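Asks: Below is one structure. I have some questions about it.
The values are calculated or read from the model by the stated rules, or taken from the named source; none is laboratory data. As the structure is a computational prediction, the values presented were derived from the model and not from experiment. A quick note on method: Cβ atoms are made from the backbone with ideal geometry, for glycine too, and the neighbour counts reach across all protein chains shown. Accessible surface is based on the protein model in full, side chains and every heavy atom, while ligands, DNA and RNA are left aside. Shrake-Rupley method; radii C 1.70, N 1.55, O 1.52, S 1.80 Å.
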Amino acid sequence: MEIDIKHIAELAFLDISDDEADSIADYLCGIIGMMSELPEYDEGDITSGGMELREDTVISSELTREELMSNAPQVSEGCFAVPRTVQ
Amino acid sequence: MAVIEPVIGLEVHAELNTRSKLFCSCKNVFGAEPNTNVCPVCLGLPGTLPRLNRQACYHAVKMGHALSCEINMVSRQDRKNYFYPDLPKAYQISQADIPICGRGYLDILVDNEVRRIGINRIHIEEDAGKLLHDDGYEGTLCDYNRCGVPLIEIVTEPDLRSSAEARVFLETLRAVLRYTAVSDCKMQEGSIRCDVNVSVHEKGKPLGTRCELKNVNSFSAALRGIEYEIKRQTEIIAQGGIVERETLRWDDKNGVSILMRSKENAQDYRFFPEPDLGDIVLDEEEVRTLKAEMPEMPDKKMIRYVKEQGLNSSEAFIIADSPEKAGLYDECVSLGKCGCHSVANRIVGEITKYMNDTGKTIIETGITPENLCSLCSAHENGVISSSGSKTVLDELIIKGGNTEEIINRLGLVQNSDTGFLSELAGNVIALNEKSVNDYRNGKTNALGYLVGQAMKASGGKADPAKLKEILENKLKTEE
Amino acid sequence: MFCGAKDGAVMMSLCDMSVSVLADMLRNKHCSARELLTDVMDRAKAVQTELNCYITFNDKAVQAADEADRRIAAGEDISLLTGIPVAIKDNISTRGLRTTCASKMLESYIPPYSATAVERLESAGAVVIGKTNMDEFAMGSASDTGIFGAVRNPVDNNYSAGGSSGGSAAAVAGGAAVLALGSDTGGSVRQPASFCGVVGFCPSYGAVSRYGLIAFASSLDRIGSIGRSVRDTFYLHNTINGYDIKDVTSFEKKISPELTGELKGLRIGVCAEMMKACTDAEISDALEAAMKEMEKQGAELVDISIPSVKDAVKAYYIISSAEASSNLARYDGVRCGFRAKDTGSLADMYKRSRTEGFGAEVKRRIMLGTFVLSEGYFEAYYKRALSCRRRISYDFDRAFELCDIIAAPVYPRAGTALNNSISATDMYAADIFTVPASMAGLPAVSVPCGRSSQDFR
């Protein structure tokens, strides 16, 4: 089957060179081929059932801003800094 | 020439006023120093997991009740995947297939007629962070204080037919949001935002292709954006072209819409059920109680005021828009001691002006349903004059108290006795021959002068309306 | 350090002893937690070049050992794990201690918080020795896709320790740790435990909090326990399990407080489909011998069928890669992790950071996951895989009406040679025995029952 590798790579924000594109296409086709043999069942997924909901109370993080931002590649004025987004 | 009809749908996002965020216990508050209300969860640090805020769910239910929506007792959350720096996890936890609230409606008054606007759904989702474009810094700065704040998204059916309708809808919806108290709706703080969908078509023919307008930052911007889009799309069709399915950014400063994404570049959000969260199962008792405790909503009030009590739309809106004013008005009317128009006039007039000038709420004024009603009926029954009633109202607003007591203390009771007024009229006619002749010769405003003289002679106590009537009769019938 | 006997005979090293024996020795002051830690660390460092179990050693371990000694000396109420050196797989967050997932993307990442499982271990007084090597982001079956090199099997260095929790399994098997935590999504605790000849327990989904486990596939991930005996593994699991408020998918799972070792009346299911898929005679022989032994001790063997077993692997790879593609999207160079140098626009920064930060296997899985979730394919793949999962659960429910546990091989091979090159399809297909339990949320344990007659010792 035809898989649009470039499009998938765009969606995933990955650079795939033309060489890599071929081998990834082979990989995907192989795996998809294996998966295509899955039978169709009527059921939906297993239901998780309800979950416990959190009470609406404020509990501030015990960590400081510095600690929380300590792994940031670039910081400026207390904010995470990135190249300019498109206006 | 075929009739081109615009078709408009709205997606309104309102921030919920819960204390904490949707998926973590960070404070939900506007205006703090950047990244000071964040934690590993809302920053999306590796290994963290979300925990859903129960209050946010029941706020959504409340809004659902207010808009007569079906409530889905079991609903699911889904991941909406896309990359942007304001979205730490690179997915937003939202609701796709099964939202908390299903179909409902909101009735709005357009040209005094009721128009029912369908609501498609209400769902809960998390807000993204804020991006700051600083002139000093070359790039973009990300502040995640707002990230994870709970939002409800209210999606309408494409039932609106003009920008004016859209405006009324938005104002009515905002009033409903305030009544339910689930959101403070401060547009300048971004707590209410909307996206607009516009298409045009020939009336009777199938619907046209719609365009989505984003970055609409105020209700009036929504109007301008809608008007522009209608015009733009109509022109395309008039020239024989085809409207493309596009997502556009509204540039309010320049009054134009700018292409963000064409159909080809449409986002593929790859929705799938959020595996870190289970189903949202609502408590039946609580849902029922919320419905039972729902007060009458402003949209219903407005319609009632106009259709049943004969108020005009703008009065009805001013009163219904504020839960306090509506409360005061409704209580006055239910006391049954005076006409609703008198009450409405005073609320919309002096009371609103005072509230706007001082920033006070009604509780902080001296007005109560009892004293306001007494005032209205005193005026209606001619016990006091218009100017007298203004004086009393001013004191009631500032100091409160008992209407009768104030009227008596200030000596405002006017005399409506026919005999007294007749004598007064007679005297003033006798003393002002020239004016009487002027009147009889066609100068009708001489009457006003005569009334003034008579009022002076009575020390301001005469009932001016009745006095004028009697004077006029005398002038016409007597020689 | 050896415990010398009077006649000078060499006894077992501290680092190779069981938890019960060590706990006893610590309480009776026959050795200190510090001495124990030193012994384990020495062994770990000695075999590091050979086995490559560790990525980072914990330089605060000594403090923890000293604290354990203090508590023991003060006669405080202590747990079995107090003073016991434990290794933590490097995808489990440890506050202040680098957590890399064996990826360039997180090579310098130091979490500001610890996983709940780690906090529970530390409260119990266990001593974290360090972070173990693994497949990058837990994707792989040989602990060789990470940036720190492959983990080798202590049994035979020419063979892989298995994956993705290879470092944890090898450390325990090699005496470089007494216990270790791993993570299991499709078999990543059980398979390396099997390769290294130790016990690997993969608990029920939700029995151990996932808070702090760096996510691969959210609906499948568990934190598993590895030890040299079932008893040791049991002690470790018992310390970390239980409901955690920070993970709404966790729950309080009933577990017997004692290991009885009682086999009488236990019905052991033998799954026809799995036995048929086991083509290695040595493995099926070893398994059969083990089952016969259990029968002798009072267990009953029951034939069962789980028809959807053959679909489990396919559905597993669809679901796990879909969730992984979403879970790994947050690695974009903005808040933490690798950011590529000299990038231009924002899109450029995202693309280059992710392309350079992730290894080949991770990128493949992200592509696979993105594909199966994408418009036009979601119904055919992802939705179908979800309903397959439900069917597998049904099949297991029916099977468990007839038996109490199910016995099966862990892997089609006793071991994988290093640098072997098999196709992805074949590699994935080999998860056939471990994936069904993963898909059904069931607990499973890998227990050694034999050794290969090949060049393994």
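Asks: Say we look at region C:208-223 and pick out the residues that are part of a loop (DSSP other than H, G, I, E, B) and more than 9 Å from chain B (Cβ to nearest Cβ); which of these is surrounded by the most Cβ atoms within 10 Å (Cβ to Cβ)?
Replies: Taking region C:208-223 as the starting set, the residues that turn out to be part of a loop (DSSP other than H, G, I, E, B) are C:209-212, C:214-221.
Applying the additional criterion that residues be more than 9 Å from chain B (Cβ to nearest Cβ) yields C:216, C:221.
On the way: C:F216: 26, C:D221: 28.
That would be C:D221.
Asks: Here is a list: B:K253, B:K325, B:K291. Which entry is open to solvent by 60 Å² or more (accessible area, probe 1.4 Å) and either within 30 Å of B:E350 (Cβ to Cβ) or within 14 Å of chain A (Cβ to nearest Cβ) (or both)? Spell out the reasoning first.
Replies: Values: B:K325 fails: open to solvent by 60 Å² or more (accessible area, probe 1.4 Å); B:K291 fails: either within 30 Å of B:E350 (Cβ to Cβ) or within 14 Å of chain A (Cβ to nearest Cβ) (or both).
After applying the criteria, what remains is B:K253.
Asks: If you don't mind, there's one more thing I want to ask. Only one of these is open to solvent by 70 Å² or more (accessible area, probe 1.4 Å), within 14 Å of chain A (Cβ to nearest Cβ) and either within 30 Å of B:D394 (Cβ to Cβ) or aliphatic (A, V, I, L, M) (or both): B:L259, B:L282, B:L277. Name it.
Replies: Numbers: B:L282 fails: open to solvent by 70 Å² or more (accessible area, probe 1.4 Å); B:L277 fails: open to solvent by 70 Å² or more (accessible area, probe 1.4 Å).
Every option except B:L259 fails the conditions.
Asks: If you go through region A:1-20, how many residues are surrounded by 14 or more Cβ atoms within 10 Å (Cβ to Cβ), at pLDDT below 90 and not acidic (D, E)? First the steps, then the outcome.
Replies: Taking region A:1-20 and keeping what is surrounded by 14 or more Cβ atoms within 10 Å (Cβ to Cβ), we get A:3, A:5, A:8-16, A:20.
Filter once more, keeping what is at pLDDT below 90: A:3, A:20.
From what's left, not acidic (D, E): A:3.
Residues that pass the stated criteria total 1.
Asks: Of all residues being within 16 Å of B:T418 (Cα to Cα) and assigned to a loop (DSSP other than H, G, I, E, B) in region B:461-479, which is most open to solvent (accessible area, probe 1.4 Å)? Just the residue, please.
Replies: B:K461
Asks: Name every residue in region C:76-107 that is open to solvent by 10 Å² or more (accessible area, probe 1.4 Å) and in contact (Cβ under 8 Å) with a residue 60 or more places away in the chain, in order of residue number. Step through it out loud before you land on a result.
Replies: Within region C:76-107, the first condition is being open to solvent by 10 Å² or more (accessible area, probe 1.4 Å), and the residues that meet it are C:76-80, C:95-98, C:104, C:107.
Those that are open to solvent by 10 Å² or more (accessible area, probe 1.4 Å) and in contact (Cβ under 8 Å) with a residue 60 or more places away in the chain: C:S79, C:L80, C:K104, C:E107.
Asks: With surrounded by fewer than 20 Cβ atoms within 10 Å (Cβ to Cβ) and under 29 Å from C:E356 (Cβ atoms) as the only criterion, which of A:E62, A:E67 stands out?
Replies: Details: A:E62 fails: under 29 Å from C:E356 (Cβ atoms).
From the options A:E62, A:E67, the qualifying one is A:E67.
Asks: Select, from C:S446, C:S393, C:S374, C:S438, the only residue that is within 19 Å of the chain's Cα centre (by Cα), among the polar types (S, T, N, Q) and more than 25 Å from C:D156 (Cβ to Cβ). Can you show your working first?
Replies: Numbers: C:S446 fails: more than 25 Å from C:D156 (Cβ to Cβ); C:S393 fails: within 19 Å of the chain's Cα centre (by Cα); C:S374 fails: within 19 Å of the chain's Cα centre (by Cα).
After applying the criteria, what remains is C:S438.
Asks: Something else: Within region B:157-164, is even one residue surrounded by 20 or more Cβ atoms within 10 Å (Cβ to Cβ), in contact (Cβ under 8 Å) with a residue 24 or more places away in the chain, in contact with a helix residue (DSSP H, G or I) (Cβ under 8 Å, 6 or more places away or on another chain) and part of a helix (DSSP H, G or I)?
Replies: Checked against the condition, which is being surrounded by 20 or more Cβ atoms within 10 Å (Cβ to Cβ), in contact (Cβ under 8 Å) with a residue 24 or more places away in the chain, in contact with a helix residue (DSSP H, G or I) (Cβ under 8 Å, 6 or more places away or on another chain) and part of a helix (DSSP H, G or I), region B:157-164 yields at least one hit.
Asks: Which condition number in (1) more than 30 Å from B:Y449 (Cα to Cα); (2) part of a helix (DSSP H, G or I) is the one that B:G366 fails?
Replies: For B:G366, the exception is condition (2).
Asks: Another one. Identify, please: which residue in region C:366-389 is open to solvent by 10 Å² or more (accessible area, probe 1.4 Å) and among the aliphatic types (A, V, I, L, M) and is, among those, farthest from the other protein chains (Cβ to nearest Cβ)?
Replies: Ranking the qualifying residues of region C:366-389, first place goes to C:A380.
Asks: Output the residues belonging to region B:174-192 that are touching a strand residue (DSSP E or B) at 6+ places or on another chain (Cβ under 6 Å) and surrounded by 20 or more Cβ atoms within 10 Å (Cβ to Cβ). Before the answer, list the steps.
Replies: Of region B:174-192, the ones touching a strand residue (DSSP E or B) at 6+ places or on another chain (Cβ under 6 Å) are B:177, B:183, B:185, B:191-192.
Hits for region B:174-192 are B:L177, B:S183, B:S191, B:I192.
Asks: From B:Q233, B:Q239, B:Q267, which residue is open to solvent by 30 Å² or more (accessible area, probe 1.4 Å) and more than 26 Å from B:N81 (Cα to Cα)? Steps first, answer last, please.
Replies: On the way: B:Q233 fails: open to solvent by 30 Å² or more (accessible area, probe 1.4 Å); B:Q267 fails: more than 26 Å from B:N81 (Cα to Cα).
It is B:Q239.
Asks: Using beta carbons and a limit of 6 Å, which pairs, at least six apart or on different chains, have the first residue in region A:1-23 and among the aromatic types (F, W, Y) and the second one modelled with pLDDT of 90 or more?
Replies: Qualifying pairs under 6 Å: A:F13/B:F83; A:F13/C:Y350; A:F13/C:K351; A:F13/C:R354.
Asks: Select the helices (runs of 4 or more DSSP H) contained entirely in region B:247-354, then report the ones holding at least 3 residues which are of a type in the set (D, E, K, R).
Replies: On the way: elements: B:284-292, B:298-307, B:313-321, B:323-335, B:340-346.
Correct list: B:284-292, B:298-307, B:323-335.
Asks: It is to be established whether one or more residues within region B:87-100 are open to solvent by less than 10 Å² (accessible area, probe 1.4 Å), in a loop (DSSP other than H, G, I, E, B) and modelled with pLDDT under 95.
Replies: Scanning region B:87-100 turns up no residue that is open to solvent by less than 10 Å² (accessible area, probe 1.4 Å), in a loop (DSSP other than H, G, I, E, B) and modelled with pLDDT under 95.
Asks: Looking only at region C:342-365, filter to residues that are of a type in the set (A, V, I, L, M) and at the interface with chain A (Cβ under 9 Å from one of its Cβ atoms); which one of those is farthest from C:G140 (Cα to Cα)?
Replies: First, the residues of region C:342-365 that are of a type in the set (A, V, I, L, M): C:346-347, C:349, C:360, C:362.
Adding the requirement that they be at the interface with chain A (Cβ under 9 Å from one of its Cβ atoms) leaves C:346-347, C:349, C:360.
Working: C:L346: 31, C:A347: 29, C:M349: 27, C:A360: 11 Å.
Applying the filter and picking the extreme gives C:L346.
Asks: While we're here: Name the single residue that is farthest from B:L49 (Cα to Cα) among those in region A:6-56 being within 14 Å of chain B (Cβ to nearest Cβ) and among the small types (G, A, S).
Replies: The qualifying residue farthest from B:L49 (Cα to Cα) is A:A9.
Asks: Could you list, in sequence order, all residues of region C:415-451 that are of a type outside the set (G, A, S), closer than 25 Å to C:I405 by Cα and open to solvent by 50 Å² or more (accessible area, probe 1.4 Å)?
Replies: C:P443, C:V445, C:V447, C:P448, C:C449, C:R451
Asks: Any idea which of (1) surrounded by fewer than 20 Cβ atoms within 10 Å (Cβ to Cβ); (2) in contact with a helix residue (DSSP H, G or I) (Cβ under 7 Å, 6 or more places away or on another chain); (3) over 22 Å from B:M302 (Cβ atoms) is the one B:I124 doesn't satisfy?
Replies: (1)
Asks: Moving on. Quick one: is B:V7 more than 30 Å from B:E229 (Cβ to Cβ), of a type in the set (A, V, I, L, M) and either in contact (Cβ under 8 Å) with a residue 24 or more places away in the chain or open to solvent by 10 Å² or more (accessible area, probe 1.4 Å) (or both)?
Replies: Values: more than 30 Å from B:E229 (Cβ to Cβ): no; of a type in the set (A, V, I, L, M): yes; either in contact (Cβ under 8 Å) with a residue 24 or more places away in the chain or open to solvent by 10 Å² or more (accessible area, probe 1.4 Å) (or both): yes.
In short, no.
Asks: Continuing with this model, one more query. Of the conditions (1) buried (at least 19 other Cβ atoms within 10 Å of the Cβ); (2) more than 9 Å from every other protein chain (Cβ to nearest Cβ), B:E113 satisfies every one except a single condition; which number is it?
Replies: The single condition B:E113 does not satisfy is (1).
Asks: Sort out which residues of region B:449-460 are at negative phi and open to solvent by less than 70 Å² (accessible area, probe 1.4 Å), and write them in order of number.
Replies: Taking region B:449-460 and keeping what is at negative phi, we get B:449-458.
Within region B:449-460, B:L450, B:V451, B:G452, B:Q453, B:A454, B:M455, B:S458 meet the criteria.
Asks: Kindly evaluate C:L328 against the criterion of being surrounded by fewer than 24 Cβ atoms within 10 Å (Cβ to Cβ) and modelled with pLDDT of 90 or more. Give the derivation first.
Replies: Values: surrounded by fewer than 24 Cβ atoms within 10 Å (Cβ to Cβ): no; modelled with pLDDT of 90 or more: yes.
Against the criterion (surrounded by fewer than 24 Cβ atoms within 10 Å (Cβ to Cβ) and modelled with pLDDT of 90 or more), C:L328 does not qualify.
Asks: While we're looking at this one, here's another question. Among the residues of region C:391-410, write down those that are within 10 Å of chain A (Cβ to nearest Cβ) and either under 21 Å from C:A430 (Cβ atoms) or surrounded by fewer than 20 Cβ atoms within 10 Å (Cβ to Cβ) (or both). Walk me through it before giving the result.
Replies: Step one: filter region C:391-410 for residues within 10 Å of chain A (Cβ to nearest Cβ), giving C:391-394.
Once the filter is applied, which keeps residues that are within 10 Å of chain A (Cβ to nearest Cβ) and either under 21 Å from C:A430 (Cβ atoms) or surrounded by fewer than 20 Cβ atoms within 10 Å (Cβ to Cβ) (or both), region C:391-410 yields C:I392, C:S393, C:Y394.
Asks: Which residue pairs have Cβ atoms closer than 7 Å, lie 6 or more positions apart in sequence or on different chains, and pair a first residue in region B:20-36 that is facing chain A (nearest Cβ under 7 Å) and at pLDDT 95 or above with a second residue that is open to solvent by 70 Å² or more (accessible area, probe 1.4 Å) and not in a loop (DSSP other than H, G, I, E, B)?
Replies: Close Cβ pairs satisfying both conditions: B:S20/B:K27.
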